[in-house]
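Q: Got a structure for you, questions after.
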Amino acid sequence: MKNSGQRVVITGAGSGLGRELALRYAREGGRLALADIQDDGVKETLAMVEQAGGWGFTQRCDVRDFSQLAALAQSCQERMQGVDVLINNAGVSSGGFFWDLTLEDWEWQISINLMGVVKGCKAFIPMFTAQRSGRIVNIASMAALMQAPGMSNYNVAKAGVVALSESLLVELQPLGIKVNVVCPSFFQTNLLDSYRGPDLASKEQVAKLLESSPITAADIADIVFTQSEADRFMILPHESGRQAWAVKQANPQAIYDEMTRLASKKLQVPSS
Ligand SMILES: NC(=O)c1ccc[n+]([C@@H]2O[C@H](COP(=O)([O-])OP(=O)(O)OC[C@H]3O[C@@H](n4cnc5c(N)ncnc54)[C@H](O)[C@@H]3O)[C@@H](O)[C@H]2O)c1
């Protein structure tokens with residue numbers, strides 16, 4: 001089984017979901033390119049991958065910098081003779097009402113959570129088109145579909161990831177390249193370590209939501225592996241997320257009303 005599995009590259013592999021995805025593919029004998037800006041975290045992931053029966057290498061890669069992603073693609077070509085699955089997972093968290101967010105907050109959030117995914121796709125698609133095979137798994141969020149109050153820059157970045165994934169789905173399918181997008185609700189990871197925003201109250205609320213998840217990062221990695229291999233395009237790992245998305249599609253106003261109620265509560269003003 002060792003070294004017989006898929007060749008997988010994961011950004012943000014030094015922590016949380018990225019690490020669990022690495023372990024999930026490793027259990028299938030996957031060969032892994034593990035990239036992150038955290039050297040210690042990604043080395044720890046590699047040790048765990050090796051223990052789980054996988055093979056891998058690490059490479060420092062900041063997804064804001066296209067040249068680092070291109071260098072990662074080059075290393076994958078040299079060390080694995082190609083890639084079967086690209087997982088654009090690296091991400092950061094942010095919060096704050098629109099009027100409190102600065103333009104710098106917006107640029108920072110978009111540069112990582114949206115442009116990091118655009119650049120990841122741009123760096124690896126030439127390899128996939130040459131191979132005439134490959135799979136792109138983009139990690140978005142339920143925030144892309146629900147637009148909760150007090151996190152507009154995160155919502156927009158993740159909605160962009162869903163729109164990009166839908167665009168690539170149709171453009172790449174004729175070339176034999178597959179695309180999946182994952183929209184998890186909150187789950188416990190180190191995501192809050194990267195939190196940026198004007199108010200700490202939002203950070204505390206997000207911390208509570210992360211803790212309240214009925215499923216773990218390992219559960220989500222398992223769902224992503226199974227459902228992407230089954231070619232389900234949009235993967236919604238949480239039951240509550242699937243229910244909310246069904247309501248939004250049938251009756252968007254019901255979700256807008258609920259989000260307005262949440263905003264009023266956060267702002268401590270009576271809802272109209
Ligand atoms: N945890 C949640 O509740 C949740 C919910 C929905 C979506 N997501 C998404 O899941 C993905 C993984 O996040 P996580 O929850 O595992 O958080 P995490 O903080 O545990 O892991 C994210 C990893 O990305 C890395 N990273 C951050 N900026 C980077 C950059 N510029 N270049 C390369 N690597 C970078 C971090 O070093 C870290 O190792 C993110 O895209 C996040 O938005 C998380």
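Q: With r defined as the distance between the Cβ atoms of A246 and T216 and R0 fixed at 22 Å, what FRET efficiency is calculated, to the nearest 0.05?
A: Calculated value: 0.40.
Q: Counting pairwise Cα distances across the chain, what percent come out greater than 23 angstrom?
A: Summing the P(r) tail past 23 Å for the chain gives 51 percent.
Q: Quick one: which residues, 5+ away or cross-chain, put their amide H under 5 Å from the amide H of G56? H built at 1.01 Å from N.
A: Correct list: L32.
Q: How high is the FRET efficiency from K122 to Q51, r the C-beta distance, R0 41 Å, rounded to 0.05?
A: 0.75
Q: Something else about it: Counting other C-beta atoms within 10 Å, and keeping those with at most 15, which DSSP coil chymotrypsin sites (Phe, Trp or Tyr not before Pro) do you find in segment 56-116?
A: Sites meeting the loop and neighbour criteria: F98, W99.
Q: Lys/Arg Cβ at +1, Asp/Glu Cβ at -1, dipole of the chain taken about the Cα centre: which of S228, W108, P214 is farthest positive-ward?
A: S228
Q: With +1 assigned to the C-beta of every Lys and Arg and -1 to the C-beta of every Asp and Glu, and no other charges, what is the dipole magnitude of the chain about the Cα centre in debye, to the nearest 20?
A: Charge dipole, the chain, about its Cα centre: 500 debye, nearest 20.
Q: Gain in length, L103 to L262, computed as 0.36 nm per residue apart minus the alpha-carbon separation, to one decimal in nm?
A: 54.8 nm is the gain from fully extending L103 to L262.
Q: Would you list, by chain and number, the lysines whose Cα falls below 28 Å from the Cα of K266, excluding same-chain residues fewer than 8 positions away?
A: K158, K203, K208, K248
Q: May I pose another question? Positive end of the charge dipole of segment 1-159 (Lys, Arg +1 and Asp, Glu -1 on Cβ, about the Cα centre): tell me which of G82, F66, L34 has its Cα farthest that way.
A: Toward the positive end, the furthest listed residue is G82.
Q: Using only Cα atoms, find the angle between the long axis of helix 200-211 and the longest principal axis of the chain, and express it within 0 to 90 degrees, rounded to the nearest 10.
A: Approximately 60 degrees, to the nearest 10.
Q: Still on this model: Once amide H atoms are built 1.01 Å from N in the peptide plane, which residues 5 or more positions from G150, or in another chain, come under 5 Å H to H?
A: Amide H neighbours of G150: F98.
Q: Now for a different question. According to a simple spin-label model (label point 7 Å from Cα along Cα-to-Cβ), what is the distance in nm between V269 and Q77?
A: It works out to 5.5 nm between the two label points.
Q: Enumerate the calculated ³J(HN,Hα) couplings along segment 111-125 in order (Karplus 6.51 cos²θ - 1.76 cosθ + 1.60, θ = phi - 60°), each rounded to whole Hz, writing x wherever the residue is Gly or Pro.
A: 5, 9, 6, 10, 5, x, 6, 4, 5, x, 5, 4, 6, 9, 4
Q: Just want the ordering: V224, V269, V247, from fewest to most Cβ atoms lying within 10 Å of their own Cβ.
A: Fewest-to-most Cβ neighbours within 10 Å comes out as V269, V247, V224.
Read the figures in this text as sums done on the coordinates, not as results from a lab. Computed from a predicted structure; not experimentally measured. Positions of Cβ are backbone-derived with ideal geometry, glycine not excepted, and every protein chain shown enters the neighbour counts.
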